[in-house]
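The values are calculated or read from the model by the stated rules, or taken from the named source; none is laboratory data. Just so you know, these numbers come straight off a predicted model, no measurement behind them. Because the Cβ atoms are built from the backbone with ideal geometry, glycine has one as well, and the counts that use them run over all protein chains shown.
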Amino acid sequence: MAGGPGWFWKGFVMIPVAFDYVRPSTVEDAVAAVAAGGDEAKILAGGQSLLPVLRLRLAAPALLVDLGGVGSLRGARFDSGALVIGAMTTHAEVASSALVRAEAPLVATAAAHVGDRQVRHLGTLGGSLAHADPAGDLPAVAVALDADMVLAGPSGRRTVAARDFFTDIFTTALGPAEVLVEVRFPRMSGWTGGYEKFHRTLQAWALVGVAAAVRKENGSIAEARVAFTNMGPTPVRASSVEAALVGAADLGAVKAAAAHAGEGTSPPTDISGSAEYRRHLAGVLTARAVASAAGF
Amino acid sequence: MTATIAQPEVGRARLRKEDARLVTGRTRWTENITLPGMLHLAILRSPYAHARITSVNTAPALDRPNVIAAFSGADVAETQGVLACAWPVTEDMVAPTYTPLAVTEVRHVGEPVAVVVARDRASAVDALEAIEVDYEPLPVVLGLEEALAEGSPLVHSDKGTNKCYTWIFDSAEAGTGGNAVQAEADAEVVIKRRYVQQRLIPSSMEPRSVIVDPSGGEWTMYSATQIPHIVRFLLSATTGTPEHKIRVIAPDVGGGFGGKIGVTPEEWIAFTAANRVGRPVKYTESRAESMVSAHHGRDVIQDITLSARRDGTLTGVSVKLIANMGAYLGVVGPGVPLLGAFMYNAIYKVPAYRFECTGVFTNTTKTDAYRGAGRPEATYAIERAMDELAAELGLDPVEIRRRNWITHEEFPFTTVCGLVYDSGNYEAATEKALSLLGYDDLRAEQAARRASNDPVQLGIGVSTYTEMCGLAPSRILGALRYGAGGWESATIRVLATGKVEVITGTTPHGQGHVTAWSQIVADQLGVPFDDISVLYGDTRVANKGMDTYGSRSLAVGGIALVNACEKVRDKAKVVAAHMLECSADDLEFTDGAFRVRGNPEAAKTLADVALAVFTAHNLPDGIEPQLDSEATFDPSTFSFPHGTHLCATEVDTETGQVKIRRYVCVDDVGKVINPLIVEGQVHGGVAQGIAQALFEDAVYDESGNLITGSFAEYLLPSAADLPTLEADRTETPATTHPLGAKGVGEAGTIAATPAVVNAIVDALRPRGVHDVMMPCTPERVWRAAQDGSGRGSS
């Protein structure tokens, strides 16, 4: 066979193409800067995915708009019955926030599993969600918990449900001049949950991740939420598993429900694992995550 | 004044002198060095695994900002020199011309094609995009057996074959043992297995970096290399530059693991670039460049046959290898399998042995030494196969080894390869390891988990290894057709104040030579540990040396050091006797000073003597006023460290996840100079061995692109992925030299890989599993657990 040029050959040198850089301090200024930059602008929200892309010269934006100076995008609070986390809150801050740990422990747990310690101290919740990496941990959590994404644009703010936000691999519902400003997680009292991340080394991306939450009544599962990381181009909400889990009261019933895990998924095959193996793993991990959340 | 040393330095767990500067990075990494007027170069590399270069136009790059020069291989074809292979293992080995920059054809992705020199690195990198290259793609061959097949595309069409060499050792022909083919025909039991050593990428913390300064009619090269002396010799030999005009400095080097044993295209390109612009030029590779262009390791298919009697006694071993050379030959690349050739018999009494290795060219990055070089491959194959023999005969893996190993009373033992193992005690190391692990209790737990069909199964892996260290007796290297010797050099300079400068021809790059050499010299000369400096890595300071690889620095260089110290003592003793007004025969060197026999208070330290020699006011007649000395040492044989590593793994049969629950190792590296350094070497070595078993794998796609070109895909384990090591030692000194040390740099890497894989296979053996391909990914382990195959799709 004849050889073809490697996709990354330009990036051997690991120095980005030159770009301009602005660091606004308000959301309005950030939106204006992104709008002015047009197609040539990229938003820097921690940079843990963007900088490697620039260094590999897979992208060469003329302008980076750094949201790091927008203080209002940082931190967690209650607002109208929802837990609201600012887009520029770092994974480490999410993982250690007493408020998040109490009200949305699944979010805190998943944030604690992102990348490595350095990544968690620079990478942000909003950056990770807007990057929409199929192997990222947080999109599946947002989809499992029916989070709402708040987007700011030149004509004001709008809200998009998490399940509509992720539209394709590395692609979201964000418009050209829109900035993800905060994520609203509905309060879920009485729910328990967990995130099962299966990866080959601690710093590697998930082969498969399972975000699961359940609410029990009288010893059996009354409601369940299950979503998968890296089982398709976007996070997959496992609706048939969720339906089958209702009424489950023991491990056997959970395993039977988890057998539906592969339905509606389209996982990749790569050097870390085949699609067939990922489907199998999704089932095993779902059973484990749900059983653990339900205390079976 | 009779200062004495409170306790021997050798054997103390001294913290390393060099760590503060190395760990903080406030030191002389090549990348940290800036010379006046220095320029920076960037290299355009081939995106094709195989293509003809039809044209290169570098002119547009010259219009880019800050660019000083740009050139292609064709522009420097007459002056760039060649990269030599120093180990033509057979008379008829095919050795293609290997130029630093490709001139007419590229043969692997990442091969250098053109160069930009600019005022700063970023400008040089940006200007690469302006260079226009036309390629005409050619057929690619990647697989070893495909490359040997009739009609395969050729990596070097002018050679007419992809076969580099076939090298054979047969104990019957050598007269060192019986006929392995006959042994197989006569055997009661035959075990035949194929193992695949995947391709690995040596990954040191510091990437390669080089500066060439052509000022003043001579050439100074700073390079992050393990082998400055060999680089100097070959730069002279292949470019015609007089050797005395070349100075090579390996300043501080941040790890190598064999990956910096090389005469590299990048060093030669920097030399060529510096000559073209007449100014110092620096090149520092990115990690991505390193992974695709610095040499790789392993990549060998191994077919091993054990012949045995039903009682488990080995009657013969045969090995047939196909080794991937890559597209070109590294400086010792073809010889790497030969370093393992005499180790497949391992610690066992093997009566008959045959070894055959065929080297093959493919359109991949060249291979060369990687920690252990040949010996990990050998140990893996024999230790995996011994487990298979045990399983076939229903014996415990430890028992099959007991029935075959050389017992401690049998040393010195001449092996089937003709090597003389001077000392060892396999029984003691194994007993200690079994007891530390609690072997019998874990076997009982394993039985219980099997009985209850626990989804998490337990496996116990055994690896008893030896290796040949202390490379190497020059005569043996000559017999193996290696291009240089294996001696080592040491120089002692005694300063006026009694402080001591030690010069070693070895080239440390993280091993802690400064500390260990100081400990040895402290005891030898009675000088405090802190009063000793160790100089190295500069051919104008350490003018003679064979550098650092193959666990040789201490086992060879350390002996040169001891011999040099002895010469200093001999000189100093004459002066001390003169000062004490006695006969030199009446003095003995004890407790760090020259003392009069029977009157130990009458004494002179080296510092006393050094000042007397410096002033030279009252020296005996005919004595030169200096105490310096120099010694070179050529070993008569190798050294043979050994040990027993035991690994207990939990294998989740539902997911294929492997968790190492316990890892116990008992190593016998002979006399220990510094136990902290030994422990560090074992920890790092075991980590790299585990990494081969479970994580690391360099993978090409069908076009020859390295798809594991970053650490996102090429998985290096971190501390969090590794178990707590339980490391202990036995100490059986080498008997062939005065230091008793055997070498420790590669031991852990050699031992660990089969220990881990044996444990995984042991866990799954009741399911019919007899192998899992490396790296044992969760998917491969899961598939093996399902169908017994161990041949997962990834």
Listed by first then second residue, the pairs whose first member lies in segment B:422-451 and is under 20 Å from B:Leu725 (Cα atoms), whose partner is among the hydrophobic types (A, V, I, L, M, F, W, C) and in a helix (DSSP H, G or I), with beta carbons under 9 Å and at least 6 positions apart or on separate chains, are B:Thr430/B:Val398; B:Leu434/B:Val398; B:Tyr439/B:Val398; B:Tyr439/B:Ala433; B:Asp440/B:Leu434
Matching residues in segment B:194-242 (surrounded by fewer than 23 Cβ atoms within 10 Å (Cβ to Cβ), among the β-branched types (Val, Ile, Thr) and in a helix (DSSP H, G or I)) number 2
Return a yes/no flag: does segment B:714-727 have any residue that is within 25 Å of B:Asp422 (Cβ to Cβ) and touching a strand residue (DSSP E or B) at 6+ places or on another chain (Cβ under 6 Å). yes
Checked segment A:205-253 for anything within 14 Å of another protein chain (Cβ to nearest Cβ) and touching a Leu at 6+ places or on another chain (Cβ under 6 Å); matches are A:Val208, A:Val210
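When segment B:394-405 is examined, which residues are found to be surrounded by fewer than 24 Cβ atoms within 10 Å (Cβ to Cβ) and in contact with a strand residue (DSSP E or B) (Cβ under 7 Å, 6 or more places away or on another chain)? Walk me through how you get there before you give the answer.
Applying the first criterion (surrounded by fewer than 24 Cβ atoms within 10 Å (Cβ to Cβ)) to segment B:394-405 yields B:394-399, B:402-405.
Answer for segment B:394-405, where residues must be surrounded by fewer than 24 Cβ atoms within 10 Å (Cβ to Cβ) and in contact with a strand residue (DSSP E or B) (Cβ under 7 Å, 6 or more places away or on another chain): B:Pro397, B:Val398, B:Asn404, B:Trp405.
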Exactly one of A:Ser266, A:Ser240 is modelled with pLDDT of 95 or more, assigned to a helix (DSSP H, G or I) and within 23 Å of the chain's Cα centre (by Cα), and that one is A:Ser240
Conditions (1) in contact with a helix residue (DSSP H, G or I) (Cβ under 6 Å, 6 or more places away or on another chain); (2) surrounded by 24 or more Cβ atoms within 10 Å (Cβ to Cβ) -> A:Glu182 fails only (1)
Checked B:Asp628, B:Asp586 against criteria (charged (D, E, K, R) and out of contact with any Leu (no Cβ under 9 Å at 6 or more places or on another chain)); the one match is B:Asp628
Within segment A:176-202, residues being modelled with pLDDT of 95 or more and more than 23 Å from A:Ser292 (Cα to Cα) number 7
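Could you go through segment B:268-281 and let me know if any residue there is within 14 Å of another protein chain (Cβ to nearest Cβ) and polar (S, T, N, Q). Walk me through it before giving the result.
Of segment B:268-281, the ones within 14 Å of another protein chain (Cβ to nearest Cβ) are none.
No, there is no match, as no residue in segment B:268-281 is within 14 Å of another protein chain (Cβ to nearest Cβ) and polar (S, T, N, Q).
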Taking segment B:356-388 and keeping only residues that are farther than 17 Å from B:Met774 by Cα and surrounded by fewer than 24 Cβ atoms within 10 Å (Cβ to Cβ), one is left with B:Glu356, B:Thr358
When segment B:433-450 is checked residue by residue, the ones that are among the basic types (Lys, Arg) and within 17 Å of B:Ile660 (Cα to Cα) are B:Arg443, B:Arg449
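Return the residue satisfying two criteria in turn: it lies in segment B:175-225 and is of a type in the set (D, E, K, R) and within 23 Å of the chain's Cα centre (by Cα), and of such residues it is nearest to B:Val319 (Cα to Cα). Steps first, answer last, please.
We begin by selecting, within segment B:175-225, every residue of a type in the set (D, E, K, R); these are B:184, B:186, B:188, B:192-194, B:199, B:206, B:208, B:213, B:218.
With within 23 Å of the chain's Cα centre (by Cα) added as a condition, the list becomes B:199, B:206, B:208.
On the way: B:Arg199: 19, B:Glu206: 36, B:Arg208: 35 Å.
If we take residues in segment B:175-225 being of a type in the set (D, E, K, R) and within 23 Å of the chain's Cα centre (by Cα), then B:Arg199 is nearest to B:Val319 (Cα to Cα).
May I ask you to list the residues in segment A:254-286 that are among the hydrophobic types (A, V, I, L, M, F, W, C), more than 9 Å from chain B (Cβ to nearest Cβ) and either buried (at least 24 other Cβ atoms within 10 Å of the Cβ) or under 18 Å from A:Thr192 (Cα atoms) (or both)?
Kept after step one, since they are among the hydrophobic types (A, V, I, L, M, F, W, C), are these residues of segment A:254-286: A:254, A:256-259, A:261, A:271, A:275, A:281-282, A:284-285.
The next check asks that each one be more than 9 Å from chain B (Cβ to nearest Cβ); those that pass are A:254, A:256-259, A:261, A:275, A:282.
Passing the criteria: A:Val254, A:Ala257, A:Ala258, A:Ala261, A:Ala282.
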Can you find even one residue in segment B:259-267 that is away from chain A (no Cβ under 14 Å), within 27 Å of B:Pro754 (Cβ to Cβ) and touching a strand residue (DSSP E or B) at 6+ places or on another chain (Cβ under 9 Å)? yes
Looking across segment B:568-610 at residues that are of a type in the set (Asp, Glu) and over 28 Å from B:Ile503 (Cβ atoms), the single one that is surrounded by the most Cβ atoms within 10 Å (Cβ to Cβ) is B:Asp586
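Only residues that are under 14 Å from A:Val246 (Cβ atoms) and either of a type in the set (Asp, Glu) or under 20 Å from the mean Cα position of the chain (by Cα) (or both): list them for segment A:198-221, please.
Here is the first cut: in segment A:198-221, the residues under 14 Å from A:Val246 (Cβ atoms) are A:212-221.
Listed by number, the residues that qualify are A:Ala212, A:Ala213, A:Val214, A:Glu217.
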B:Asp120 passes all but one of the listed conditions (1) of a type outside the set (Ser, Thr, Tyr); (2) buried (at least 21 other Cβ atoms within 10 Å of the Cβ); (3) within 11 Å of chain A (Cβ to nearest Cβ); the exception is number (2)
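For the structure I just gave you, tell me whether B:Ala755 is outside the structural domain of B:Thr367 (by TED's automatic domain parsing), part of a helix (DSSP H, G or I) and at pLDDT below 95.
Working: outside the structural domain of B:Thr367 (by TED's automatic domain parsing): yes; part of a helix (DSSP H, G or I): yes; at pLDDT below 95: no.
No, not satisfied.
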Restricted to segment B:5-32 and to residues being surrounded by fewer than 17 Cβ atoms within 10 Å (Cβ to Cβ) and hydrophobic (A, V, I, L, M, F, W, C), the residue modelled with the lowest pLDDT is B:Ala6
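Do any strands (runs of 3 or more DSSP E) entirely within segment B:468-550 hold 3 or more residues that are at pLDDT below 95 and out of contact with any Cys (no Cβ under 6 Å at 6 or more places or on another chain), and if so, which? Spell out the reasoning first.
Numbers: elements: B:488-494, B:500-504, B:532-535.
No strands (runs of 3 or more DSSP E) qualify here.
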Within segment B:164-190, residues part of a loop (DSSP other than H, G, I, E, B) and crowded, with 16+ Cβ neighbours inside 10 Å come out as B:Thr176, B:Gly177, B:Asn179, B:Ala187
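Within 14 Å of another protein chain (Cβ to nearest Cβ) and either within 30 Å of B:Asp19 (Cβ to Cβ) or in contact (Cβ under 8 Å) with a residue 12 or more places away in the chain (or both) - does that describe any residue in segment B:627-650? Talk me through it step by step, then tell me what you get.
The first filter runs over segment B:627-650 and keeps only residues within 14 Å of another protein chain (Cβ to nearest Cβ), leaving none.
Among the residues of segment B:627-650, not one is within 14 Å of another protein chain (Cβ to nearest Cβ) and either within 30 Å of B:Asp19 (Cβ to Cβ) or in contact (Cβ under 8 Å) with a residue 12 or more places away in the chain (or both), which makes the answer no.
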Those residues of segment B:609-643 which are of a type in the set (A, V, I, L, M) and under 30 Å from B:Val420 (Cβ atoms) amount to B:Ala631
Residues of segment B:315-364 being out of contact with any Leu (no Cβ under 7 Å at 6 or more places or on another chain) and within 14 Å of chain A (Cβ to nearest Cβ), in sequence order, are B:Ala327
Only unsatisfied item for B:Glu731, checking (1) modelled with pLDDT of 95 or more; (2) within 27 Å of A:Arg200 (Cα to Cα); (3) outside any helix (DSSP H, G or I), is (2)
Scanning segment B:670-711 residue by residue, the ones that are in contact with a Ser or Thr (Cβ under 8 Å, 6 or more places away or on another chain), more than 14 Å from chain A (Cβ to nearest Cβ) and small (Gly, Ala, Ser) total 3
Listed by range, strands (runs of 3 or more DSSP E) wholly within segment B:1-112 having at least 2 residues that are away from chain A (no Cβ under 14 Å) and among the β-branched types (Val, Ile, Thr) are B:51-57, B:67-72
